[in-house]
1. Is it true that some residue in the stretch 167-177 is within 16 Å of the ligand (Cβ to nearest atom), in contact with a Lys or Arg (Cβ under 7 Å, 6 or more places away or on another chain) and aliphatic (A, V, I, L, M)?
2. Yes or no: the stretch 47-60 includes at least one residue that is of a type in the set (S, T, Y), within 16 Å of the ligand (Cβ to nearest atom) and either closer than 30 Å to N167 by Cβ or within 23 Å of the chain's Cα centre (by Cα) (or both).
3. With (1) away from the ligand (no atom under 14 Å from the Cβ); (2) out of contact with any strand residue (DSSP E or B) (no Cβ under 9 Å at 6 or more places or on another chain); (3) in contact (Cβ under 8 Å) with a residue 60 or more places away in the chain as the list, and N68 as the residue in question, which single condition is left unmet?
4. Could you tell me whether T70 is closer than 14 Å to G195 by Cα, in the same structural domain as T121 (by TED's automatic domain parsing) and not in a strand (DSSP E or B)?
5. Report, ordered by the first and then the second residue, all pairs with beta carbons closer than 7 Å, sequence separation of six or more or different chains, a first member in the stretch 348-370 that is modelled with pLDDT under 95, and a second member that is part of a loop (DSSP other than H, G, I, E, B).
6. Right, E87: surrounded by fewer than 23 Cβ atoms within 10 Å (Cβ to Cβ), under 25 Å from N187 (Cβ atoms), within 16 Å of the ligand (Cβ to nearest atom) and not aromatic (F, W, Y) or not?
Amino acid sequence: MVDLTGQYLRLKPEIDEAMQQVLNRGDYINGAAVKNFSNALAGYLETDYVVPCANGTDALQAALMALNLTRGDEVITSAFSFVSTVEVIVLLGLKPVFVDIDPDTYNIDTDAIRNALTERTRVVVPVHLFGQPAQMDEIMEIALSHNLYVVEDGAQSMGASCMVRGNQYKAGTVGHIGCTSFFPTKNLGCFGDGGACFTNDEQLAGRLKMIMNHGARKKYFNEIIGMNSRLDTLQAAVLSEKLTHLDDFIDRRRSASRIYLEGLKDVSELNLPHQTEQSTHTFNQFTVRVLDGKRDELKQFLAHEGIPSMVYYPFPLHRQPAFEVLSKGDLHLPESELACIEVLSLPMHTEMTEAQQEYIIQRIKMFFGK
Ligand SMILES: *Cc1c(COP(=O)(O)O)cnc(C)c1O
C-alpha cells in the first residue's frame, strides 16, 4: 500500500544527519528540533500556532479539552472516519452526534450538520477524509451562525487547501483548532507516532500547550487537568527534513492519482475519486467505489495478483460495538453504510512507478473482463 522504506532511502543522507544531530545533543525530550519543526510547520501552513504532541488522537483530545465544554455537550461528526475522532469525544463525556456523508467526497454532509443541530450542540468536527478537505466554507458559516466551535480532523489532509470566503487556506487552519497526525503513512509522516494542533487563537494555543504538558505552564504547578503528550525530538528532526519535501510528496501523489484516473476512467463498475472545485485533494488515499457488490471479490483478486488494497473503513462508527450502544443501534446513515460496503483504497504513496500503476490498472481491467 505504501513504500516507506523507498522514501527513506531516497532521503537517507539528510534524514540520517538530522537524527544524528539529536543523538549528538541528547536533547530527546522537548529538544531544539521540536521548536524548529513547529515553527517551520506554522510557516508552511500560514497559521499562528502549532502545538506538537504525541499523536493525532491526542491532538483531537487536547483540542476538545481546550474548549471548556461541559459533560453532555454535543459534538457533531462524520460516521465515516477513523475511530479516534469519536473515541475522544466519548472519553471526555461529550456526546457524539453522528451524521452522514456526501457520497461523492466521503466528507461530512453539510445539510446533515444543519439537521443535527440542537440546543446542546457545541462543536462540529469535520474530517478531511483521504486528503480532501470537507466543505469548510459552509461549515464555518453554520458554526458562525450557531456559535459553535469547529475542530478539524486533518490527519489525512496535510498540505491540502480549501476556499473559505474567497480565500485559500491550508486544511486545518480554518476552524478554531486543526488537528493532524504524523503517523508514518500520513502525507507528512515520521518514524513512529506524532501529532499536532494548529490554531490562530493565542488563548487556545496557550491552553493546548498547557494541556499537552500536564496542565502546567510552570514546572510542578498544574493549573488544569492535562495529559502527557509530546512530540519526540527525534521525530521532530525527521519531520523537519520531510517538511521541506512535503510539496514534492503531494505532487507525486497527485501524479499517481492522474495515472489512475486516466487508466481507470472507462471502467464503468468503478466510481473514481471526485475532486471538488473548492479544495485541493492530496490523495493520502486513492479510494474508489466498487459497484454491484464486487468490492470484496476485486480485493481478493488483486491480492492474488500481488496487489495490496485496503478497506478504509469497513464499518461506520455508529455501527462499531463500542459506540452502537450510544444510538441504541437504531441510527441509520445510508451513505456511510453504503460506502463501507463499496470503498477500496488502492496502493498510493510517493514512490509509485508508472510500471506499478500500469500493472494495477491492467489487472483491475482484467477483473472486469476488459
Ligand atoms: C490517522 C488518523 C487519526 C489518528 O492519528 P494517530 O496519530 O494514529 O493517533 C485521526 N483521525 C483520522 C481521520 C486519521 O486518519
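1. no
2. yes
3. Of everything listed in (1) away from the ligand (no atom under 14 Å from the Cβ); (2) out of contact with any strand residue (DSSP E or B) (no Cβ under 9 Å at 6 or more places or on another chain); (3) in contact (Cβ under 8 Å) with a residue 60 or more places away in the chain, N68 misses just condition (3).
4. Against the criterion (closer than 14 Å to G195 by Cα, in the same structural domain as T121 (by TED's automatic domain parsing) and not in a strand (DSSP E or B)), T70 does not qualify.
5. Close Cβ pairs (under 7 Å, with a partner that is part of a loop (DSSP other than H, G, I, E, B)) amount to K370/V267.
6. So E87 passes the test.
Here's the yes/no breakdown for (1) within 16 Å of the ligand (Cβ to nearest atom); (2) in contact with a strand residue (DSSP E or B) (Cβ under 8 Å, 6 or more places away or on another chain); (3) closer than 30 Å to P347 by Cα; (4) β-branched (V, I, T):
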{"position": "S161", "(1), (2), (3), (4)": "no, yes, yes, no"}
{"position": "R165", "(1), (2), (3), (4)": "no, no, no, no"}
{"position": "F182", "(1), (2), (3), (4)": "yes, yes, yes, no"}
{"position": "Q203", "(1), (2), (3), (4)": "no, no, no, no"}
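Residues are listed down the side, and each one gets a yes or a no for (1) in contact (Cβ under 8 Å) with a residue 60 or more places away in the chain; (2) in a loop (DSSP other than H, G, I, E, B); (3) surrounded by fewer than 18 Cβ atoms within 10 Å (Cβ to Cβ):
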| position | (1), (2), (3) |
| --- | --- |
| R289 | no, no, no |
| D296 | no, no, yes |
| Q300 | no, no, yes |
| Y313 | yes, yes, no |
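The values are calculated or read from the model by the stated rules, or taken from the named source; none is laboratory data. Here the structure is a predicted model, which means the values were calculated and not measured. No Cβ is skipped: glycine too gets one built from the backbone with ideal geometry, and neighbour counts run over all protein chains shown.
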